[in-house]
Amino acid sequence: MMLHKSFITNIEIYSPAWDAFRIGKFTSSRISTLMPEKGLGDGGMSYIYQKASEYLIGQTLAEEEAIIEDENTVWGLENELRALQTFCRIQKIEYLVMQRLIHVPGTIFSSTPDALHVIDSSVFKEDCYNVATVEVKCPRKFPRFLELYRCNTPMDIWKVERKYFWQVVDQMFNCQSVLGYLGIYHPLFPEGKNMKIIEFNKIDLWDKFKLLEERKAKAVSIFNEIVSEFRS
C-alpha cells in the first residue's frame, strides 16, 4: 500500500482554506464517533447529520469544528513541535513532512496527521510514497500523561483512550499506510522518560481496520441517502 502524491495537499492547517476543504468531510480526529461498540449509535448518527448538513449548506458548522482555546489545547499546540523533534531523535529520523492534509479524491474523508515519515519512494510507482503516519499528544496534566505513558501497545491505547486509537488507525487508513505512530509527550518529565512511542502495525490490527472500513461505508451510505433526499 502506498500514498499517492496527488492525495497530499499543500493546504495550511487551521487556515480558512483548511476549514473550507473539510466541509462535509469526515476527519480522523472525530472518526471515533462512528466507532462505538455496537453500530453507529447516537453519536455516529449525529456526526453524519452534521457532515451532511455542512455539505448541503456549503459551510462549516463552526460550533462543532472550531478549536476550543482552553488551557489543554493551548498547551498541546505549544508543545507539539518539541514532541515531534523528540520523536525524530528517538526514532533516529532526519526529517518529517509536517501537517499535510490528506484527501483521497472522490471520498468524503480527510486526515491531517501531525507528520508523515516518508520511508521511501516506490521503486515501482514514481508517483507514490511509502509513509508512516505520526500523531503526537501532549497531555498537560501529570496523571493523564502517566496513564497514557504506561500504555505499550495500540490495544492498551484502545482501552484507555479510544479517540486516539481510532484517530491513528484512520490516519493510516486514509494515507494507505501499514505503519503508524502515536507519541505521548510531556516536556516537564526528564529526557528519556518524557515520551512514549507506540507503533501501530496494520497486520496486527486487521480486525479493527476491517471494522473501520465497514462503519465508514455505512456512514457514506447514510450520508448519500440524506443528500439525495434533499436534492430530489
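Values in this text are rule-based calculations from the coordinates and carry no lab data. As the structure is a prediction and not an experimental result, all values here were calculated from the model. Note: ideal-geometry Cβ built from the backbone for every residue, glycine included; neighbour counts use all protein chains shown.
Bridging of K38 to aspartates and glutamates at a Cα separation below 19 Å is possible for E161, D170, D207, E213, E214, once same-chain residues fewer than 8 apart are set aside.
Panel order for Y185, Y14, by other beta carbons found within 10 Å of each beta carbon, from fewest to most: Y14, Y185. Think of the chain as a dipole: +1 on every Lys or Arg Cβ, -1 on every Asp or Glu Cβ, centred on the Cα centre; then among V118, N201, A17, N201 lies furthest on the positive end. Think of it as helices only: each DSSP H run of n ≥ 4 in the chain is worth -39500 (n - 2.57), and spread over all residues that comes to -14000 deg cm²/dmol at 222 nm. Taking amide H positions as modeled 1.01 Å from N, with prolines and chain starts lacking one, the residues under 5 Å from F200 and 5 or more places away or on another chain are G180, Y181, L182. Sorted ascending by nearby beta carbons within 10 Å, beginning with the fewest, I198, I93 become I93, I198.
Note on K196: lysines with a C-alpha under 25 Å away, same-chain residues under 8 apart excluded, are K92, K137, K141, K159, K163, K208.
Less than 5 angstrom separates the built amide H of I11 from those of L101, all sequence-distant by 5 or more or on a different chain. Entry note, the chain: relative contact order of 24 percent, from Cα contacts under 8 Å with a spacing of 6+ residues. Here r is the Cβ-Cβ distance between D156 and M45 and R0 is 22 Å; the resulting FRET efficiency, rounded to 0.05, is 0.15. Summing Cβ point charges (Lys, Arg +1; Asp, Glu -1) relative to the Cα centre of the range 96-165 gives a dipole of roughly 520 debye. Between Q85 and Y14, the simple label model (points 7 Å from Cα in the Cβ direction) yields a spacing of 1.8 nm. In terms of its C-alpha gyration tensor, the range 110-232 comes out oblate, because a/c is 1.5 or above while a/b does not outweigh b/c. Cβ-Cβ distance of I197 and T73, R₀ of 25 Å, FRET efficiency by 1/(1 + (r/R0)^6): the value works out to about 0.65. Computed from the Cβ-Cβ distance with R0 of 35 Å, the FRET efficiency linking E37 to V227 stands at 0.80.
Each residue in K137, K208 was given a count of other beta-carbon atoms within 10 angstrom of its own, and listing them fewest first yields K208, K137. Only Lys, Arg, Asp and Glu carry charge here, each on its Cβ (+1 for the first two, -1 for the last two); on that basis the chain has a dipole of about 520 debye about its Cα centre.
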